[in-house]
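Notes for the one structure printed next.
The values are calculated or read from the model by the stated rules, or taken from the named source; none is laboratory data. Quantities reported herein were computed from a predicted structural model and do not represent experimental measurements. FYI the Cβ positions are ideal-geometry reconstructions off the backbone, even for glycines, and counts take in every protein chain you see.
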Amino acid sequence: MIVILFGMLSDEQRELVEQIFKNNQRKFRSISFHIVKSKEAAEDVVSTAFIKIMDNIEKISALPCPKITAFCVTIVKNASLDVLRQAQKNVPVDDWDRIADENFADDTVFDADVYVLREAIDQLAPDDRRLLYLRHTMEMGYKEIGKLFSISEETARKRGQRLLEKLRRLCEGG
């Protein structure tokens with residue numbers, strides 16, 4: 001797709017995209033990594049950002065030089081935030097199996113079979129499912145989860161404890 005878009009650009013536009021890429025690739029990866037916290041996701045974001053840059057090359061080429069980088073940084077930041085939002089929205093059913101199979105040790109559902117646990121998870125609010133997914137599948141700490149939900153670490157921890165208690169009640173039929 002990038003090749004097709006690149007081929008559709010004029011020589012001037014191609015040179016501008018190449019210049020933006022050459023001069024800012026590391027910066028864009030760094031900005032994205034800071035947001036998404038994953039090298040692979042940051043690479044994907046930068047690729048997506050360059051597609052968006054090519055889509056908007058007419059607007060970009062009309063900007064004064066100092067604003068070009070700022071515009072492109074905004075594209076990278078927005079693409080990174082889109083990745084985070086998408087990750088928060090989606091809790092794939094396949095991952096629920098891993099949630100159910102986790103060793104929940106001291107603080108979660110013990111005697112629920114997988115079917116009952118899945119039914120209980122389906123009854124949870126989307127934010128609760130996300131928290132459960134991030135904590136037990138992605139193995140994120142409460143500090144990281146708190147940042148994603150814009151809450152304190154202690155609030156995330158307490159919410160996680162209450163969520164596990166709620167799951168226990170749902171699994172027990174209460």
Near pairs, Cβ below 8 angstrom, 6+ apart or cross-chain, from the range 136-158 (within 18 Å of LEU81 (Cβ to Cβ)) to any residue that is modelled with pLDDT of 90 or more and outside any helix (DSSP H, G or I): GLY146/SER152
Just one listed residue, out of ILE53, ILE35, ILE4, ILE20, is part of a helix (DSSP H, G or I), at pLDDT below 90 and surrounded by 15 or more Cβ atoms within 10 Å (Cβ to Cβ), and it is ILE35
Failed item in (1) charged (D, E, K, R); (2) modelled with pLDDT under 75; (3) under 28 Å from LYS39 (Cα atoms), with ASP107 passing the rest: (3)
